[in-house]
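Asks: Pasting a structure below so you can have a look.
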Amino acid sequence: MRKYSKEVERDMEKIVSNLWFDEQAEEAVGFYVSVFKEAVVKNVSRYGETGRGEKGKVMTISYSLNGHDFMAINGGPHFSFTPAVSFSISCETQAEVDHYWDQLSEGGEPGQCGWLTDKYGVSWQVVPKILGQLMQDQNPEKAQRVTTAMLGMKKLDIAQLKQA
């Protein structure tokens, strides 16, 4: 059996989200890295003499957003994103909610209850951390009012959720 270093073993145990783009991986990763405060491009792999892509074009990019690892691939038009898979951003403050919502929804499509689809077709949920606590309040009437308020919102508003 082959042995790996502890660092390689740790990396092998991680779950990495893979995003399949037609030809926009490099552009999309540049956009995501500009939106998230803790973001880094880790590795860029380009097509060579073989493969489906034009020599020198980006094949894959590994990157990290707020500690979550991603891989973007320019795989062609065979697959597209759906809202069945989304990435949830847990926000402490309304300023954070506003930042992520405004940046990620620009050129995309706002949805209900904090969901949006960005300009690349990737679905995101921009959610205040306090929402779960408010929706699970011991007073069932209060929890229902919070749920009703949330269902009527696109971008979630912490003050309005607390007021409910």
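The values are calculated or read from the model by the stated rules, or taken from the named source; none is laboratory data. The structure displayed is predicted, hence computed values, not measured ones. FYI the Cβ positions are ideal-geometry reconstructions off the backbone, even for glycines, and counts take in every protein chain you see. SASA here: full protein model, heavy atoms, side chains in, ligands and nucleic acids out. Shrake-Rupley method; radii C 1.70, N 1.55, O 1.52, S 1.80 Å.
Asks: Suppose we keep only residues that are touching a Lys or Arg at 6+ places or on another chain (Cβ under 7 Å) and not in a loop (DSSP other than H, G, I, E, B) within segment 78-96. Which one would you say is least open to solvent (accessible area, probe 1.4 Å)? First the steps, then the outcome.
Replies: The first filter runs over segment 78-96 and keeps only residues touching a Lys or Arg at 6+ places or on another chain (Cβ under 7 Å), leaving 90-92.
Subsequent filtering for residues that are not in a loop (DSSP other than H, G, I, E, B) retains 90-91.
Details: S90: 67, C91: 0 Å².
Filtering first and then ranking leaves C91.
Asks: Also, I was wondering about something else. Might you let me know whether segment 127-148 holds any residue that is under 30 Å from E23 (Cα atoms), modelled with pLDDT of 95 or more and touching a Ser or Thr at 6+ places or on another chain (Cβ under 9 Å)?
Replies: The initial filter retains those residues of segment 127-148 that are under 30 Å from E23 (Cα atoms), namely 127.
From what is left, the residues that are modelled with pLDDT of 95 or more are 127.
Of the ones still in play, those that are also touching a Ser or Thr at 6+ places or on another chain (Cβ under 9 Å) are 127.
Within segment 127-148, one or more residues are under 30 Å from E23 (Cα atoms), modelled with pLDDT of 95 or more and touching a Ser or Thr at 6+ places or on another chain (Cβ under 9 Å).
Asks: A further question follows. All but one of (1) part of a strand (DSSP E or B); (2) farther than 24 Å from Y100 by Cα; (3) of a type in the set (K, R) hold for R52, so report the exception by its number.
Replies: So R52 meets the others, but not (1).
Asks: Name the single residue that is least open to solvent (accessible area, probe 1.4 Å) among those in segment 1-35 being at pLDDT below 90 and in a loop (DSSP other than H, G, I, E, B). If you could, list the steps in order and put the result at the bottom.
Replies: Taking segment 1-35 first, the residues at pLDDT below 90 are 1-14.
Among the residues that remain, those that are also in a loop (DSSP other than H, G, I, E, B) are: 1-5, 14.
Values: M1: 226, R2: 177, K3: 180, Y4: 94, S5: 62, K14: 106 Å².
So the residue we want is S5.
Residues checked against (1) free of Cβ contacts under 8 Å to residues at least 12 places away in the same chain; (2) out of contact with any helix residue (DSSP H, G or I) (no Cβ under 7 Å at 6 or more places or on another chain); (3) of a type in the set (D, E):
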| site | (1), (2), (3) |
| --- | --- |
| S88 | no, yes, no |
| T93 | no, yes, no |
| Q103 | no, no, no |
| E109 | yes, yes, yes |
| D118 | no, no, yes |
| V126 | no, no, no |
| Q136 | yes, no, no |
| K142 | no, yes, no |
| L161 | no, no, no |
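Asks: Please state which of the following conditions K119 fails to meet, knowing it meets all the rest: (1) more than 18 Å from F31 (Cα to Cα); (2) touching a Gly at 6+ places or on another chain (Cβ under 8 Å); (3) basic (K, R).
Replies: The single condition K119 does not satisfy is (1).
Asks: Suppose we keep only residues that are open to solvent by less than 20 Å² (accessible area, probe 1.4 Å) and β-branched (V, I, T) within segment 58-77. Which one would you say is nearest to the chain's Cα centre (by Cα)?
Replies: Step by step, filter segment 58-77, then rank; the result is I61.
Yes/no matrix, rows are residues, columns are (1) within 21 Å of E27 (Cβ to Cβ); (2) open to solvent by less than 30 Å² (accessible area, probe 1.4 Å); (3) not hydroxyl-bearing (S, T, Y):
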| position | (1), (2), (3) |
| --- | --- |
| Y100 | yes, yes, no |
| S105 | yes, yes, no |
| E109 | yes, no, yes |
| W124 | yes, yes, yes |
| L134 | no, yes, yes |
| K142 | no, no, yes |
| V146 | no, yes, yes |
| G152 | no, no, yes |
| A159 | no, no, yes |
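Asks: Determine if segment 102-110 includes at least one residue that is in contact with a Leu (Cβ under 8 Å, 6 or more places away or on another chain) and in a helix (DSSP H, G or I). Give the steps one after another, and end with the answer.
Replies: Just the residues of segment 102-110 that are in contact with a Leu (Cβ under 8 Å, 6 or more places away or on another chain), to begin with: 104-105, 108-110.
Going one step further and asking which of them are in a helix (DSSP H, G or I), we end up with 104-105.
Yes, that holds for at least one residue.
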